[in-house]
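The values are calculated or read from the model by the stated rules, or taken from the named source; none is laboratory data. Every value quoted in this text rests on a predicted model; they were computed, and no experiment measured them. Glycine gets a Cβ as well: all are built from the backbone with ideal geometry, and neighbour counts include every protein chain shown. Accessible surface areas use protein heavy atoms only, side chains included; no ligands, DNA or RNA. Shrake-Rupley method; radii C 1.70, N 1.55, O 1.52, S 1.80 Å.
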Amino acid sequence: EIINEFRDVLSYFFLATSIDKNQKSQSLIRALNKVFEYAEKKKWPKKAVIFTKSRRTQDHLENILSLAGYQDKIILFNGTNSGKKAKEIYQEWAEEFKEEAEKNPRSINLRKALIWKFKSLPEGILITTEAGAEGINLQFCNIVVNYDLPWNPQRVEQRIGRCHRYGQELDVLVINFLNKSNYADERVYELLSEKIKLFGNLFDFSD
């Protein structure tokens, strides 16, 4: 039994290491290319917020999107914000806003600096974990990508609420990545759809 289990595990390992392209991340590249073309036609800012669950996925997306030509347009936002690029952005922000930098704790200023940098980019992609689902205002951006769907539909709403809030002047476009063979993904999407219908019936709006 142990030998059979070992063979199974080994076969999973070889299967996993044989995968040289992640289809989901390749789909993200195609989606971003299309949505930025659409944004240009609509005269929207070419900015997108991508939500994912883990730091590892965040790093993976940074690498994949950098290879796809977005390397100078990516900002990472997470619970620690301790990367080299984040530190460089903080130094840039601290020089620009010296008085504010002296008032608040570094962790708060670091979050402000990353959002400031994202806002100042002519074209930008903010890749964030759940750390970005609360407490940040992104009314200057109107494209939200849920690369990983959380199991709780309320979390999805919170994510969308970073852009879809007071001060937003444009329609907010939301792209949900859905694995139709994953029951959890299907169920979350179903619950979201039911909520949208409920609000539409009660208040006669579909925004």
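Details
- In the range 181-199, the residue that is least open to solvent (accessible area, probe 1.4 Å) out of those that are under 19 Å from SER27 (Cα atoms) and assigned to a helix (DSSP H, G or I) is ASP185.
- Residues that are over 16 Å from THR57 (Cα atoms) and out of contact with any strand residue (DSSP E or B) (no Cβ under 7 Å at 6 or more places or on another chain), drawn from the range 20-39: ARG30, ASN33, LYS34, GLU37, TYR38
- Identity of the residue in the range 48-67, under 24 Å from PRO122 (Cα atoms) and β-branched (Val, Ile, Thr), that ends up nearest to the chain's Cα centre (by Cα): ILE50
- Residue check, ARG165 buried (at least 18 other Cβ atoms within 10 Å of the Cβ) and free of Cβ contacts under 8 Å to residues at least 60 places away in the same chain: no
- Count of the range 140-151 residues, restricted to those that are modelled with pLDDT of 95 or more and open to solvent by 10 Å² or more (accessible area, probe 1.4 Å), is 1.
- Among the residues examined, PHE97 qualifies as among the aromatic types (Phe, Trp, Tyr) and open to solvent by 10 Å² or more (accessible area, probe 1.4 Å).
- Meets criteria (among the aliphatic types (A, V, I, L, M), surrounded by 15 or more Cβ atoms within 10 Å (Cβ to Cβ), on the phi < 0 side of the Ramachandran plot and assigned to a loop (DSSP other than H, G, I, E, B)) for LEU178: no
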